[in-house]
Amino acid sequence: MKPERPRLAVVMILVLAAALAAPRARAAEAAGFFRDETAAAAMKDAAAEKKIVLLDFTTAYCGPCKRMDLTTWRDPAVAAFLVDRAVAVKVDGDKETKLVARYHVNLYPTMIFVRPDGKEIDRLLNFQSSAQFLAAFKDTLSGGTALKRARAEVAAAEASGDSNGTLKSRLNLADVLAAQGLSAQALAQYLWLFDVGMKKTPAYQGVRASYLPVDIRALGRTYPPALAALQERLDAAERRLRGPAFTDDDARDFTILNWALEETAKGPRLYDSFKAGDPRRAVLGRQLFDEFLKARRYTDAAEASPAPRVDEELAACAKTGWGPKAEKDAEMRRIGREFCIERAAEGIEALAGARDDAAARALLKHARAVDDEPWAREILRRHLERAGRKDLWSGG
């Protein structure tokens, strides 16, 4: 287990303090501060310009990265503060694998501040609002560290009784501990969040079913006890599902953990082992829609997500799916609308493939009433074609 990174040398503190005291830059074009050059070139430029380097590790599929592109990196205040103090470049984590390995990047976005010689100063993890980024960057320039900030945020949230804030700050602390190589401490935080903290908190069910197990799996690449902990919980969920006292939570955990451990075929196999009419089959089936759809098991998929449920979800998504932030941002609005149509199209594919034509047509009509632009029609057509039901499409 790697010890906590020591404080910067006094000379580096003085250099960074000087950078913090630098005069405010002229207003910069939002996001224009990222230079179109390699990390190596950025380090050379930083040495010549007496600055530090910001390496923004992203991927094409990283949602929080795109959100920062639309918000934080567009903020003139962020640009103005950065341009006189850092040479900023984006790093594609899927392409720059040597840099990913060198800096032990396991999640995105990861923003790493380094000296011109490449030595890491500090790093920020996950989405950062403009205010969060500026506060953390200023703290870094003053000699602060991500680990100290993370521990302080947990203490503040717990002291104030903010339960959601506690969950958010403990997840961030776990990520920071993992990035620092403090694997046992990171795993303890992750498992508390999975077993206790997020389990009964509605606002964090999506995180518990996606980002959290992915973080634990990523930790397991270098710390095998993390994978063992996931496997232990998967085995326990399966035992409960096979017994008489099973619940929807057991089916949900079984599906989440199979996905996290990349053993998704186990879910349909267990489902098939239950006889028709067995209540466990229905409980588990509700969690397996994506697997059934992928395998073109359309009758099972339609049972897992029946037409009324899909119709209700589409109505709710159309009403609130793109959220208040999208009211001022066309790109966020487009992303939200695309999500709603994609989910509806999956339900339509299942119904069409199961030959429930009346329900498929009704839902298709509803989806086109929500959005009938060319991109939306293309999504709907694609799913009908996948089900071999182009005959249900009409009207452009």
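The values are calculated or read from the model by the stated rules, or taken from the named source; none is laboratory data. Remember, predicted model here, so these are calculated numbers, not experimental data. All Cβ positions, even for glycine, are placed from backbone atoms using ideal geometry, and neighbour counts span all protein chains on display.
With respect to being surrounded by fewer than 19 Cβ atoms within 10 Å (Cβ to Cβ), free of Cβ contacts under 8 Å to residues at least 24 places away in the same chain, among the small types (Gly, Ala, Ser) and not assigned by TED's automatic domain parsing to the domain that holds residue 191, residue 157 falls outside the description. Consider residue 195 carefully, then state whether it is surrounded by fewer than 18 Cβ atoms within 10 Å (Cβ to Cβ), under 29 Å from residue 48 (Cα atoms), touching a helix residue (DSSP H, G or I) at 6+ places or on another chain (Cβ under 9 Å) and modelled with pLDDT of 95 or more. No: the conditions fail for residue 195.
Do we find that residue 184 is surrounded by fewer than 18 Cβ atoms within 10 Å (Cβ to Cβ), closer than 27 Å to residue 120 by Cα and modelled with pLDDT of 95 or more in this structure? So residue 184 fits the description; yes.
The residue of the range 245-269 that is modelled with the lowest pLDDT, among those that are among the hydroxyl-bearing types (Ser, Thr, Tyr) and in a loop (DSSP other than H, G, I, E, B), is 264. For the range 140-168, a residue qualifies if it is of a type in the set (Gly, Ala, Ser) and part of a helix (DSSP H, G or I), and the qualifying residues are 146, 150, 152, 155, 156, 157, 159, 160, 163, 165. In the range 225-240, is there at least one residue being over 29 Å from residue 269 (Cα atoms), touching a Ser or Thr at 6+ places or on another chain (Cβ under 8 Å) and either in contact (Cβ under 8 Å) with a residue 40 or more places away in the chain or not assigned by TED's automatic domain parsing to the domain that holds residue 102 (or both)? Among the residues of the range 225-240, not one is over 29 Å from residue 269 (Cα atoms), touching a Ser or Thr at 6+ places or on another chain (Cβ under 8 Å) and either in contact (Cβ under 8 Å) with a residue 40 or more places away in the chain or not assigned by TED's automatic domain parsing to the domain that holds residue 102 (or both), which makes the answer no. Surrounded by 20 or more Cβ atoms within 10 Å (Cβ to Cβ), in contact with a Phe, Trp or Tyr (Cβ under 7 Å, 6 or more places away or on another chain), closer than 13 Å to residue 58 by Cβ and in contact (Cβ under 8 Å) with a residue 12 or more places away in the chain, is that true of residue 140? No; evaluated as a whole, the condition is false for this residue. Of all the numbered requirements in (1) closer than 21 Å to residue 349 by Cα; (2) free of Cβ contacts under 8 Å to residues at least 40 places away in the same chain; (3) surrounded by 17 or more Cβ atoms within 10 Å (Cβ to Cβ); (4) over 24 Å from the mean Cα position of the chain (by Cα), residue 284 misses one, and that requirement is (2). Restricting attention to the range 32-71, the residues that are farther than 18 Å from residue 128 by Cα, buried (at least 21 other Cβ atoms within 10 Å of the Cβ) and among the β-branched types (Val, Ile, Thr) add up to 1. Would you pick out the residues in the range 103-117 that are surrounded by fewer than 19 Cβ atoms within 10 Å (Cβ to Cβ) and at pLDDT 95 or above? Selection gives 115, 116, 117. Note on the range 143-157: residues that are more than 24 Å from the chain's Cα centre (by Cα) and either polar (S, T, N, Q) or closer than 18 Å to residue 192 by Cα (or both) total 1.
The number of residues in the range 212-241 that are out of contact with any Leu (no Cβ under 8 Å at 6 or more places or on another chain) and either closer than 25 Å to residue 281 by Cβ or of a type outside the set (A, V, I, L, M) (or both) comes to 8.
Evaluation of residue 74 against the conditions (1) out of contact with any strand residue (DSSP E or B) (no Cβ under 8 Å at 6 or more places or on another chain); (2) among the charged types (D, E, K, R); (3) buried (at least 21 other Cβ atoms within 10 Å of the Cβ) shows that the sole unmet condition is (3). Taking first residues from the range 375-396 that are among the hydroxyl-bearing types (Ser, Thr, Tyr) and surrounded by fewer than 16 Cβ atoms within 10 Å (Cβ to Cβ) and partners that are in a helix (DSSP H, G or I) and at pLDDT 95 or above, no Cβ contact under 8 Å between residues at least 6 apart in sequence or on separate chains turns up.
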